[in-house]
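Here is the structure we will look at, set down as structure tokens.
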Ligand SMILES: C[S@@+](CC[C@H](N)C(=O)[O-])C[C@H]1O[C@@H](n2cnc3c(N)ncnc32)[C@H](O)[C@@H]1O
């Protein structure tokens with residue numbers, strides 16, 4: 001392979017600003033997410049909608065019904081709470097955590113007062129779990145491991161690991177950057193088959209897939225004031241193991257081509273797009 005490796009020409013950079021100000025990192029994003037709570041359903045993909053087979057629900061079903069009744073489950077970055085009804089109906093204690101107060105208000109509305117009374121709401125960032133050490137049986141994070149600073153992600157994963165009891169499990173979904181690449185390539189194929197020129201098809205793909213909002217090299221996505229991490233599956237598996245998790249499993253959550261996805265009308269015969277579902281354990 002004839003590929004230059006620019007890093008070999010670089011000097012060794014000196015570390016700068018080694019202090020990580022976690023609360024500062026969380027504040028602006030908490031406000032940004034809170035602002036999106038009211039219009040959330042129109043702007044974000046719902047991995048729990050009826051047309052989707054979500055492996056995460058299967059992962060939760062692996063837990064015996066009777067055992068679940070005495071377990072504590074934490075929905076970390078619960079958003080407007082699409083997972084909460086499943087959890088409230090099965091688990092003994094349910095924690096709903098989100099740093100965006102507007103999201104927790106939406107959860108309370110979704111659940112209604114009776115079911116909501118069964119939930120302990122925590123308005124804080126996902127890395128602030130010191131008071132929950134070794135107390136959680138199941139942690140879930142659905143499209144909420146999205147802070148774009150990898151140092152925040154490492155701290156968050158380590159603290160989730162420590163919040164779990166030995167034998168506890170961590171399940172979730174992450175937005176996948178490899179699927180954005182796949183979706184773009186499928187759409188490019190479809191436009192070319194429709195007779196568009198090379199230049200025009202590339203322009204259409206870049207526009208419809210909003211390439212200008214992504215940083216593909218670092219797996220970042222910026223949508224208004226919200227900045228999100230998009231993941232490669234191997235990257236997440238590595239980060240989970242780095243935090244201490246074992247028996248890591250990654251499974252695709254496939255999305256059917258429907259009106260929520262760019263170019264869906266001409267993609268019906270193309271392989272689907274996806275997010276990544278994961279399952280990991282604290283074994284010790
Ligand atoms: C894309 S939404 C997903 C919400 C929900 N889990 C769902 O499946 O619809 C991401 C949510 O995670 C929350 N979030 C993101 N990073 C967070 C963090 N570091 N601490 C707490 N909440 C966070 C946001 O406020 C938002 O409600």
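The values are calculated or read from the model by the stated rules, or taken from the named source; none is laboratory data. Here the structure is a predicted model, which is why all the values come from computation and not from measurement. A quick note on method: Cβ atoms are made from the backbone with ideal geometry, for glycine too, and the neighbour counts reach across all protein chains shown.
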Inset, instruction - Enumerate the pairs (first residue in segment 39-67 and within 17 Å of residue 106 (Cα to Cα); second residue anywhere and surrounded by fewer than 17 Cβ atoms within 10 Å (Cβ to Cβ)) with beta-carbon separation below 7 Å, excluding pairs fewer than 6 apart on the same chain, so at least 6 apart or on different chains. - result: 45/260
Legend entry - Cβ pairs under 7 Å, 6+ apart, first in segment 219-234 and on the phi > 0 side of the Ramachandran plot, second modelled with pLDDT of 95 or more: 219/177; 219/229; 219/230; 219/231; 219/232
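Given the criteria closer than 30 Å to residue 162 by Cβ and assigned to a helix (DSSP H, G or I), does residue 238 qualify?
Working: closer than 30 Å to residue 162 by Cβ: yes; assigned to a helix (DSSP H, G or I): yes.
Judged against the criteria, residue 238 is a match.
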Legend entry - Residues that are more than 12 Å from the ligand (Cβ to nearest atom), assigned to a strand (DSSP E or B) and within 18 Å of residue 37 (Cβ to Cβ), drawn from segment 72-120: 119
Legend entry - Members of segment 22-43 found to be part of a loop (DSSP other than H, G, I, E, B) and either modelled with pLDDT under 80 or touching a helix residue (DSSP H, G or I) at 6+ places or on another chain (Cβ under 8 Å) (or both), listed by number: 37, 38
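Among the residues of segment 174-185, is there at least one that is within 16 Å of the ligand (Cβ to nearest atom), surrounded by 14 or more Cβ atoms within 10 Å (Cβ to Cβ), under 30 Å from residue 67 (Cα atoms) and in contact (Cβ under 8 Å) with a residue 12 or more places away in the chain?
Yes, because at least one residue in segment 174-185 is within 16 Å of the ligand (Cβ to nearest atom), surrounded by 14 or more Cβ atoms within 10 Å (Cβ to Cβ), under 30 Å from residue 67 (Cα atoms) and in contact (Cβ under 8 Å) with a residue 12 or more places away in the chain.
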Inset, instruction - Could you grab me the full set of residues in segment 194-211 that are at negative phi and either touching a strand residue (DSSP E or B) at 6+ places or on another chain (Cβ under 9 Å) or surrounded by 12 or more Cβ atoms within 10 Å (Cβ to Cβ) (or both)? - result: 196, 200, 201, 202, 203, 204, 205, 206, 208, 209, 211
Inset, instruction - Scan segment 193-216 and give yes if some residue there is touching a helix residue (DSSP H, G or I) at 6+ places or on another chain (Cβ under 7 Å), within 18 Å of residue 280 (Cβ to Cβ) and away from the ligand (no atom under 14 Å from the Cβ), otherwise no. - result: no
Inset, instruction - Please enumerate the residues belonging to segment 140-173 that are within 29 Å of residue 216 (Cβ to Cβ), part of a strand (DSSP E or B) and more than 10 Å from the ligand (Cβ to nearest atom). - result: 170, 171
